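Here the structure is laid out as structure tokens; the discussion comes afterwards.
Taken together, the values in this text are just the output of simple stated rules run on the coordinates, not laboratory data. This structure is a prediction, so every number in the text was calculated from the model and none was measured. Ideal geometry is used to build each Cβ from the backbone, glycine not excepted, and the neighbour counts take in all protein chains shown.
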């Protein structure tokens with residue numbers, strides 16, 4: 001299953017490392033990534049590949065915890081839901 005992860009917050013050292021490390025611990029593969037800094041705000045979007053049996057609620061909780069620790073907002077959605085929400 002694929003998922004879309006977004007990260008938004010004030011830029012600081014360690015955001016990419018912290019998020020990537022947590023994904024590695026959860027055995028989630030990063031398929032694609034884009035990030036930019038807009039003024040002092042960091043934004044990142046990742047496409048993730050997850051095992052079908054991945055507990056999505058647990059994954060979301062763990063990413064929220066690391067986001068709180070890093071001082072950023074992390075959101076993750078199933079790719080199919082993300083696509084449906086953003087179709088014109």
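Computed quantities for the displayed model
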item	result
Given [x] 2.15; [y] 1.05; [z] 1.46, the label whose value is Cα Rg over 2.2 N^0.38 Å derived from this model	[y]
Linear extension gain, residue 36 paired with residue 54, 0.36 nm per residue minus alpha-carbon span	3.6 nm
Packing rank of 9-22, 65-78, where each peptide gets the mean count of other beta carbons within 10 Å, highest leading	65-78, 9-22
Label point distance in nm, residue 6-residue 77, each placed 7 Å from Cα along Cα→Cβ	0.7 nm
Length-normalised contact order for region 2-85 - Cα pairs under 8 Å, 6+ apart - percent	45 percent
Computed [θ] at 222 nm, helices only, for the chain once each DSSP H run of length n ≥ 4 contributes -39500 (n - 2.57)	-11500 deg cm²/dmol
